[in-house]
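Enquirer: Okay, handing you the structure first.
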Amino acid sequence: MAGAVDLKRYARRLTAFAGIGAFNTIAFFLISTALFQWAGLSATASGYIAYAVLVPVSFLGHRRITFSSNGAIAREWLKFCVIQAVNLVIVGVVTAFAETGQIPGWVSFALISVLIPALNFVIFQLWVFSGRAA
């Protein structure tokens with residue numbers, strides 16, 4: 001019986017994670033496009049600003065909805081920000097392979113689109129919102 005309960009909890013978390021991810025993806029597209037088209041910012045600046053704006057939204061959504069965490073918010077926020085920094089490094093490394101012609105650009109975006117959410121789901125569960133201090 002415990003296995004069925006764990007499976008339901010896992011499925012609920014995965015569904016919530018995907019829903020929050022979808023919301024943030026749509027919001028990122030709208031914010032970055034608005035900054036680029038209407039505010040006249042560069043694509044790079046628009047993307048980074050939109051990403052930065054959505055980090056707290058993502059954190060709160062995953063903390064409250066996906067993982068229903070009661071942990072220390074400051075500690076979880078710090079861990080979450082560390083993972084976001086790692087995500088940016090992953091984006092930089094993977095897109096560098098595309099920039100140097102080692103892989104097509106679309107492959108780099110596909111890798112990023114799969115790798116980061118998969119890693120985030122696991123790391124958020126095991127470390128960021130685990131309730132453990134370290």
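The values are calculated or read from the model by the stated rules, or taken from the named source; none is laboratory data. As the structure is a computational prediction, the values presented were derived from the model and not from experiment. All Cβ positions, even for glycine, are placed from backbone atoms using ideal geometry, and neighbour counts span all protein chains on display. Surface accessibility is based on the protein's heavy atoms, side chains included, excluding ligands, DNA and RNA. Shrake-Rupley method; radii C 1.70, N 1.55, O 1.52, S 1.80 Å.
Enquirer: Counting every Cα pair in segment 3-81, what percent are over 21 Å apart?
Expert: Percent of Cα pairs beyond 21 Å in segment 3-81: 42.
Enquirer: What nm value, rounded to one decimal, do you get for the distance between Val107 and Arg12 when each label is placed 7 Å out toward the C-beta?
Expert: Simple spin-label model gives 4.2 nm for this pair.
Enquirer: Which value, to two decimals, describes the C-alpha radius of gyration of the chain once divided by 2.2 N^0.38 Å? Could you put the intermediate results ahead of the total?
Expert: Values: Rg = 16.5 Å, N = 134, 2.2 N^0.38 = 14.1 Å.
Rg over 2.2 N^0.38 Å, computed on Cα atoms: 1.17.
Enquirer: On the accessible surface of the chain, probed at 1.4 Å, how many percent belong to carbon and sulfur atoms? Intermediate values should be presented prior to the final figure.
Expert: On the way: 6200 of 8420 Å².
Of the solvent-accessible surface of the chain, carbon and sulfur hold 74 percent.
Enquirer: Considering only Cys81, Ala27, Ser130, whose Cα is most displaced toward the positive end of the charge dipole of the chain, charges sitting on Cβ of Lys, Arg (+1) and Asp, Glu (-1)?
Expert: Sorting the options by dipole projection puts first Ser130.
Enquirer: Go through segment 80-89 residue by residue and turn each phi into a ³J(HN,Hα) via Karplus (6.51, -1.76, 1.60, θ = phi - 60°); whole Hz please, and just put x for glycine and proline.
Expert: My calculation for segment 80-89 gives 4, 5, 4, 5, 5, 5, 4, 4, 5, 5 Hz in order.
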